[in-house]
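One structure is given here, and the rest of the page talks about it.
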Amino acid sequence: MSQTRLSAGLSAHHSRILMASLTLGALAMIAAVWWYYVRQRAAVEEDAEHELAAIAAMKSAQIENWRAERIGDGGVLAASPIMRTARRILAGGAVTQADRADFIAVFQALEKQFLYSGGALVDRQGGVRIGSSVNGGDSPRYQALAQAAQRAGKVTLSDLYRDPPVSGPVRMAVSIPVADLGAIVLNIDPSRFLYPYIASWPAASRTGETLIFRREGDYAVSLNDLRHSPGSTLNLRIRITMPRFPDDREFAAGFLRKATDYRGVPILSMVRSIQGSGWYLIAKVDQDEVYAPVTRLSWALALIVALIALANAAGVGYIWRNEQLRAHRERRALTGHFDSLTRYANDIIMLADESGRIVEVNQRAVEAYGYSEEELQSLPAEALRASVPGQPPLWPPGDESGLRYEAVHRRKDGSSFPVEISARTIEVEGAKYRQAIIRDISERARTEKEIKALSARLLNAQEEERSRLARELHDDISQQIAALSIGMSNLRKQIPAEQTGAREQSKRIQQNMAQVSESIRRLSHELHPAVLEHSGLGAALRDYCSEFGLLTHIQVSCKTDGCFGNMPPEVALCVFRVTQEALQNVAKHARVAQAEVELTRADGQICLTVSDRGAGMALDRAGMPAGLGLVSIKERTRLVNGTFRIRSEPNQGTTLSLKIPV
């Protein structure tokens, strides 16, 4: 009797231990599922944040450049000979046909070349003395623009306005003050460049949208028509509900915000300020679109959790019903339970003998490969590998305790798909078997490819825009300044020798024009280095290092070794841009008078090293400093299949190493 009681007590004790183990295992698996879900959601949000940050930075920089170009147009006009005619007319002089023809020619040239919508010479009261594409009711607006330019004493770019105020078209204007007599006003139609650029979205998106606004008290006023709110320009006013309005530094860097938009729809947005304008730019996308992959994943994970819970409940019930059974029956029940979980797991599970013949597969393998279970068990494991160059074997030689790698497998219908494999050798009752847990990573590979393609498109768009700006600076503005310089030289020759003051002033003006021309040439060279195309990478780097030294007073030694004449254009451009970024970081942070650049090509590889012995920096756990410039270097390097590394310590200098196969 006592022996029976002892046996029953031991059986009940083992049952309780087993039930507790099953419950803890189920809770652990649920926790692991939840942890995986949270990580995936964070990763998706991080990817969306990077994309929104890149789009917001690109668009705000473009708008800032556009505004600067408009003010620059006014500066060029302010320095032109036509200002002398404007002062004479506004001072009370008669308007001749020649005067009118000169002004109209200037206005029409600006309309044709820079998409202005006409212009006018106006007095302080807004009276139009000479105009192109001018309406009769423009006088009050012209008066306000002229007086604003007079108060500022310089070229001004107005904010967006409607003319007439209620229902007229949206306009902007560049105002060039003419002494204290009036101004030259150049009209701008933002729908010809500004609005189309804002409306564009550089990536595939169902809900992506960009908008600009300005702050008026506690309200944000829309400055462009919104996709779901036509006619919203200067009409849509949204109350600002943020508990604290960010400062200028936060706006300049851009910050991510989760909120609801003008439709009341939850969005993820990146907000940046547009420097010098009082405008703010928002690049936004609906949260439904951002989290759509995670939402689908959550349903799948919820199903898995439910199955785990049901399986656990079934196991516990089975144990309760059979707690009086012997230990071997309990073990058999647990083994059957584990086999059930393995068979219906989400990953492919495969077991092969030492010869490589498949002996066991789960249901997921049948679904993934398209073979029946019997067909799979008649195949060697190597038959599932796709014929891809460099493809590793299913069980590569190595550590028998576990290997993890990626490969490409083939289905029964001949199609292939990428997989991630965890392989190890196990022993069952003295016999060795090879076990592989295989995960289909088609979706992940497709996502990585799309992200890489998007990065490439963004960088290509940036380089194309740089090239366009460089051509505009070189072919148009530089030529105009050269023509002005020649005109000033001819004018100085006509000034009598006794008027030394006038001759000296004209000489200084001509020298200033030469300096402006040199600055434009230098800017054009930085935006799009023509020497990179015509003379090759080595010459381009030497030329840039020399010019960088003249500008920053940092002596840069540039050493090149190898032939760089037949470099792929994308590789040459990557090396050049990385060198630019690295040297700019030296100038900003290193506090040194010397730096070294070394470029070599050997054994099918380009190697770039940029180093200094300056202040150095602290690296994060990944061995990388934080900063947008380093993010750009990393992305450029990845797109040409290269690698780069930074070695730095505080007060020990910094070395950037770049390697690209060619």
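No lab work stands behind these numbers, since they all come straight from the coordinates. Predicted model, so just to flag it, every value in this text is computed and none were measured. Glycine gets a Cβ as well: all are built from the backbone with ideal geometry, and neighbour counts include every protein chain shown.
The label point for S229 and the one for V592, both projected 7 Å from the Cα toward the Cβ, are 5.2 nm apart.
Taking other residues whose beta carbon is less than 13 angstrom from the beta carbon of I104, and scoring Lys, Arg as +1 and Asp, Glu as -1, yields 0.
For the pair I238 and H50, a Förster radius of 22 Å applied to the C-beta separation gives a FRET efficiency near 0.25, rounded to the nearest 0.05.
Here the Kirkwood formula puts the hydrodynamic radius of segment 80-192 at 13.9 Å, using every distinct Cα pair.
At an R0 of 51 angstrom, the distance between the Cβ atoms of S546 and A445 translates into a FRET efficiency of 0.70.
Once the C-beta distance of N490 and Q108 is scaled by a Förster radius of 30 Å, the resulting FRET efficiency is 0.75 to the nearest 0.05.
Starting at 0 and stepping by 10 Å, how many percent of the alpha carbon pairs of segment 347-439 end up in each bin? The percentages, shortest bin first, are 17, 55, 26, 2.
Charged neighbours of E209, selected by a Cβ distance under 12 Å, balance to +1 (K, R count +1; D, E count -1).
Using only the Cα atoms of segment 239-325, build the gyration tensor, take square roots of its eigenvalues as a ≥ b ≥ c, and label the shape rounded, prolate or oblate: rounded if a/c is under 1.5, else prolate if a/b is larger than b/c, else oblate. Taking the square roots of the gyration eigenvalues as a ≥ b ≥ c, segment 239-325 is prolate. Structural size metrics of segment 144-228, computed from C-alpha coordinates, are Rg and Dmax of 16.0, 53 Å. Counting only residues at least eight positions apart within a chain, or on another chain, the lysines with an alpha carbon under 28 Å from that of K493 are K507.
For the pair A43 and A91, the difference between a 0.36 nm per residue extended length and the Cα-Cα distance amounts to 10.6 nm.
For the residue pairs K59/K284; K559/K588; K559/K659; K59/K154, the alpha carbons lie more than 19 Å apart in K559/K588; K59/K154. Extension gain for the segment A314 to E69, taken as residue separation times 0.36 nm less the Cα-Cα distance, is 80.9 nm to one decimal. Taking 0.36 nm per residue of separation and subtracting the current Cα-Cα distance, fully stretching the chain between N512 and A300 would add 69.4 nm. Which value results when the Cα radius of gyration for segment 529-662 is divided by 2.2 N^0.38 Å? Normalised by 2.2 N^0.38 Å, the Cα Rg of segment 529-662 equals 1.00.
In the neighborhood of D612, defined by Cβ-to-Cβ distances under 11 Å, what is the net charge if each Lys or Arg adds +1 and each Asp or Glu adds -1? Value of the local net charge: +1.
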